[in-house]
Amino acid sequence: MTISLATPRLSLQPHRVEDFDAMKAMWGDPAVVRFLGGVPSSEEESWARLLRYAGSWSLLGYGFWAVRRADSDAYIGDVGFLDAHRTGVDGFAGDPEIGWSLATAAHGQGFATEAVTAALGWGAGRFRRCVAMIAPDNDASVAVALRCGFRHFLMARYKDAPIALWEYRWR
């Protein structure tokens, strides 16, 4: 049931087993995970992530897309919706979480904003609201959230670290 999306520079497609090496490299990069718990993912954790991404679509009807450059089909990251059952964090009220992560080579080129905008377009009519958890000092992701129309609504703690919750509401 996974849906593919396209933007002028990107394609958002279902993850493939062939993405694993690039995905493992991205999630193993300390610069990528700096604001996502800070611990690079192991090969085993990256494999579990790939399987979780694929399984989410069949179980929930939504999930994450592999973000690829339209000109080369190269995997550059992940964007999508999830239900992570976050423990100890209020503010989701049954609405899905949205997340985005890109490989360091893709940073600073507007790809995250483009991918998040495409995902939000897909979410229109499906969800009433989604929530992004962003580390307060993650200036790049805060900028993406602001450009895409998110509104900060709550400071919380997750795994003993401060976390900002941002919401997007479809009208």
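FYI, it's all coordinate maths here, none of it is from the lab. Nothing here was measured: the structure is a model prediction, and the numbers come from that model. Positions of Cβ are backbone-derived with ideal geometry, glycine not excepted, and every protein chain shown enters the neighbour counts.
Order these peptides, 137-147, 95-105, by their mean beta-carbon neighbour count within 10 angstrom, highest first.
Working: 137-147: 16.3, 95-105: 19.5.
Final packing ranking: 95-105, 137-147.
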Over region 5-169, what is the relative contact order in percent, taking alpha-carbon pairs closer than 8 angstrom and at least six residues apart?
20 percent
9 Å beta-carbon shell around residue 66, net charge (K/R +1, D/E -1):
0
Quick one: order 130, 148 by neighbouring beta-carbon count within 10 Å, fewest to most.
148, 130
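Going highest first, how would you order 59-65, 43-49 by mean Cβ packing within 10 Å?
Details: 59-65: 19.1, 43-49: 14.1.
Result, highest mean Cβ count within 10 Å first: 59-65, 43-49.
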What whole number of Å gives the distance from the Cα centroid of region 152-171 to the Cα centroid of region 110-132?
16 Å
Radius 10 Å from Cβ of residue 132, net charge of other residues (Lys, Arg +1; Asp, Glu -1)
-2
Say each of residue 74 and residue 139 gets a label point 7 Å from the Cα, pointing the same way as Cα to Cβ; how far apart are those two points in nm?
2.6 nm
Rounded to the nearest 500 deg cm²/dmol, what is the calculated helix-only ellipticity per residue at 222 nm for the chain, with -39500 (n - 2.57) per DSSP H run of length n ≥ 4?
-9000 deg cm²/dmol
With Cα springs under 10 Å, the Gaussian network model of the chain assigns the largest mean-square fluctuation among 41, 11, 58 to 58
What do you get for Rg/Rh of region 21-171 when both radii come from the Cα atoms and Rh is the Kirkwood radius?
0.93
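Work out, step by step, the length gained on full extension between residue 129 and residue 22: first 0.36 nm times the residue separation, then minus their alpha carbon distance; give nm to one decimal.
Contour length minus the Cα-Cα distance gives 35.4 nm.
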